[in-house]
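The values are calculated or read from the model by the stated rules, or taken from the named source; none is laboratory data. This one's a predicted model, so the numbers in the text were calculated from it and none came from an experiment. Every residue, glycine as well, gets a Cβ built from its backbone with ideal geometry; the counts of neighbours run over all protein chains shown.
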Amino acid sequence: MATYAESRMTPGKIIAFSLVGIWLVVAAFPFVWTFWGSFKVQADFFSKADWTNALWGVKTIEETGGAFTNQGYHGAWVIEEFWQNVINTGIVVFFTVTISLTFGTLGGYALARSGFRYAFWLLMAALVFRAMPHITLVSGYLLPFFEWNIWGHFATTIIVLVAINQPFTLWMLHSFFLNIPKDMDESAMVDGCTRFQAFRMVIVPVMWPGVITTGLFSFLLAYNDFAVTAMLLSAENETIIPAINSFLGTTQIEGKVMYAVAAVVSATAPLFVLILFFQRQIVSGLTAGAVKG
Amino acid sequence: MKHRTFFWFILPTLSAMILFIALPIISVFIQSLFVGHEQVLVVSESCGPFGCTESTKIDLEATEKLREEAPLGKFNGLGTYLNRSHLAFAEIGVAWAETETWGAFWDVVGDLPFYRALAFTLTYTAVVTPLVILLGLAIALGVNTLPKLFKGPSIFISLLPFLVTPLVGSLILFWMVDSDGVLGATIQFIFDDPNLSLKASAALTWAMLIVYGVWHTLPFSFITFYAGLQTVPDDILEASKVDGASKWQSLIFVVVPHLMPLVSFVTLMLLMDNFRVFEPIVSFSAEAHARSLSWIIYNDLRESGNPLYGSAGATSMLTIIGVVILLTPVLIRTWRDFNRKAH
């Protein structure tokens with residue numbers, strides 16, 4: 001029960017509340033503003049005269065007759081064929097997540113159950129690999145990939161993203177499997193299962209919470225990636241993030257920035273939905289590595 | 001677990017990491033030892049068996065053939081590492097001998113592409129990381145005192161800037177600080193200077209990128225610390241209160257020490273992520289004033305028609321060395337912890 005002393009407003013509390021308030025505005029405002037502005041014309045969203053034009057859509061009413069327009073979305077999705085990039089992203093992300101999780105669960109389980117010294121060294125190597133800037137690796141891929149003629153394909157990019165994803169996936173699933181009691185799979189093995197059977201029949205049924213959490217982060221890595229997809233995919237296989245970047249190159253001259261704004265809002269929408277449904281898993285995933293130390 | 005079983009379990013992930021992380025590092029190193037073929041060189045290649053004919057025209061066919069036979073280019077040893085675009089020891093030596101003051105010396109060094117990128121990358125990392133940790137801790141303490149009803153929504157809102165695609169998130173901010181965008185126009189209005197543009201000066205560009213960095217990574221430290229705050233044992237807090245500690249004292253002497261392991265975890269993660277700062281420079285088109293190590297590698301690789309693999313490789317190797325130096329304290333500490341546990 002809150003006592004009077006606890007519910008009273010002290011100066012400290014006022015500072016804390018206003019700090020949180022400022023942060024929330026800073027965090028949310030850019031998204032709200034861009035979402036709202038994506039339904040306006042460029043003259044409103046980038047309004048020299050008066051920023052309130054973007055609120056009421058003064059120029060939008062002049063140019064299109066209504067306060068909201070879907071010109072930007074039409075331009076991006078229909079004229080610039082953004083849907084093609086969305087399909088490409090779907091393919092890349094789906095296979096990256098599936099393969100990463102398959103590899104990661106097997107490896108993470110092995111690392112969690114092996115007490116040997118090399119398991120520790122593997123985890124340390126993974127930590128160093130995790131810190132590599134992705135672009136340094138990309139500069140190592142390009143020349144061999146051109147030579148072997150495998151540049152530009154989905155399969156190449158997917159396996160590269162899977163590999164880049166592995167260090168993180170391994171760490172996360174490793175600490176998750178450590179939390180599953182050893183007795184479970186060991187008693188199955190006493191009953192005559194092989195290690196793999198024990199894994200399949202005892203561990204797999206209980207591992208889904210950890211796998212889903214790790215899967216969310218694998219999804220984010222594949223979806224948010226720019227360095228790898230921009231350099232390794234040919235133009236027709238381009239995913240949405242490099243596509244947005246190449247929009248900018250071509251559209252700024254033609255005054256079609258609103259296409260890019262609409263594309264940016266479209267690219268953020270899936271992330272918004274993801275946070276809406278999986279907030280708790282994301283938070284627990286963020287802190288999983290930390291709590292274990 | 002038996003060695004054999006372990007091997008089969010770890011095989012897929014290990015082969016993926018060896019093939020696409022370890023081998024590329026070796027490939028990057030080999031590339032960095034070579035430079036692209038020059039076209040003039042090909043002319044001497046076109047010599048017949050009965051002695052060379054002096055001709056200076058470029059033999060395209062032979063150039064192509066040479067490129068096909070040796071796609072790496074010609075061996076250059078450590079030449080690429082030492083040239084003007086990388087470590088530039090010769091230029092620094094000259095500057096050292098010729099400049100009078102430290103300021104003049106650093107001006108010359110600061111104009112060398114590699115050191116300029118290194119300076120930006122280190123400044124970005126060194127400014128964003130502590131800012132994010134302090135602000136994250138403050139906001140976590142703030143949210144912790146909020147009524148329960150508001151906690152969920154504030155975490156939801158906070159996750160947005162963190163999970164948004166870096167390229168997209170920085171574009172969103174870039175459009176707002178554009179001189180016609182809502183913030184850019186407001187800043188012009190406040191300072192009453194219609195020509196003020198955040199893109200025009202190096203200092204403002206750096207500041208803009210750092211603001212983006214804080215905005216993007218703050219949620220991570222905030223949420224980690226917030227989760228840590230939930231595990232502070234109540235009885236210790238009460239004991240400190242009984243002993244007469246003020247709120248501030250119990251924060252400094254009880255809560256913060258409890259969060260210390262989290263602080264080192266967050267620092268490690270932030271250092272790794274900030275050191276590879278890349279996308280915001282692309283989004284903000286900030287390359288005129290701010291380039292990071294990642295960005296100059298990207299730029300070398302995109303050099304239209306003739307990517308500078310050697311140069312990109314050399315910068316990549318230097319970057320990797322930087323990452324290892326950055327991680328050394330962590331690795332040493334983990335190694336000690338591991339040994340202590342083992343004995």
Scanning segment B:259-283 for residues that are over 18 Å from B:PHE225 (Cα atoms) and among the β-branched types (Val, Ile, Thr), the one farthest from the other protein chains (Cβ to nearest Cβ) turns out to be B:ILE281
request  = Please work out if A:GLY115 is assigned by TED's automatic domain parsing to the domain that holds A:LEU233 and touching a Gly at 6+ places or on another chain (Cβ under 8 Å).
outcome  = no
Would you confirm whether or not segment B:201-222 contains a residue that is over 29 Å from the mean Cα position of the chain (by Cα) and in a loop (DSSP other than H, G, I, E, B)?
no
So the helices (runs of 4 or more DSSP H) completely within segment A:1-113 holding 3 or more residues that are of a type in the set (S, T, N, Q) are A:82-113
A:VAL25 passes all but one of the listed conditions (1) closer than 21 Å to B:LEU171 by Cβ; (2) at the interface with chain B (Cβ under 10 Å from one of its Cβ atoms); (3) surrounded by 20 or more Cβ atoms within 10 Å (Cβ to Cβ); (4) not aromatic (Phe, Trp, Tyr); the exception is number (3)
Per the filter on segment B:84-114, residues surrounded by 11 or more Cβ atoms within 10 Å (Cβ to Cβ) and not in a helix (DSSP H, G or I) are B:ARG84, B:SER85, B:HIS86, B:LEU87, B:ALA88, B:THR99, B:LEU112
When every residue in segment B:9-18 that is farther than 13 Å from A:THR102 by Cα and more than 7 Å from chain A (Cβ to nearest Cβ) is compared, the one nearest to the chain's Cα centre (by Cα) is B:ILE18
Picked from segment A:148-164 (must be free of Cβ contacts under 8 Å to residues at least 12 places away in the same chain and among the hydrophobic types (A, V, I, L, M, F, W, C)), the residue nearest to the other protein chains (Cβ to nearest Cβ) is A:ALA163
- Answer yes or no as to whether A:ASP50 is touching a Gly at 6+ places or on another chain (Cβ under 7 Å) and either outside the structural domain of A:ALA267 (by TED's automatic domain parsing) or of a type in the set (Ser, Thr, Tyr) (or both). no
Residue under question is B:VAL256, and the condition is that it be more than 18 Å from the chain's Cα centre (by Cα) and either more than 8 Å from chain A (Cβ to nearest Cβ) or part of a loop (DSSP other than H, G, I, E, B) (or both); does it hold? yes
Over segment B:143-165, the set of residues more than 8 Å from chain A (Cβ to nearest Cβ) and in a helix (DSSP H, G or I) is B:ASN144, B:LYS148, B:LEU149, B:PHE150, B:LYS151, B:PRO153, B:PHE162
Exercise. Mind checking whether some residue in segment A:224-241 is more than 9 Å from chain B (Cβ to nearest Cβ), at pLDDT below 90, out of contact with any helix residue (DSSP H, G or I) (no Cβ under 7 Å at 6 or more places or on another chain) and over 23 Å from A:ILE159 (Cβ atoms)?
Worked result: no
Taking segment B:166-196 and the residues there that are of a type outside the set (A, V, I, L, M, F, W, C) and more than 13 Å from chain A (Cβ to nearest Cβ), the one that is farthest from the chain's Cα centre (by Cα) would be B:ASP192
Pairs returned, first residue in segment B:308-337 that is over 11 Å from B:ILE297 (Cβ atoms) and more than 8 Å from every other protein chain (Cβ to nearest Cβ), second residue that is of a type in the set (Asp, Glu) and assigned to a helix (DSSP H, G or I), beta-carbon separation under 9 angstrom, 6 or more apart or interchain, are B:GLY310/B:ASP300
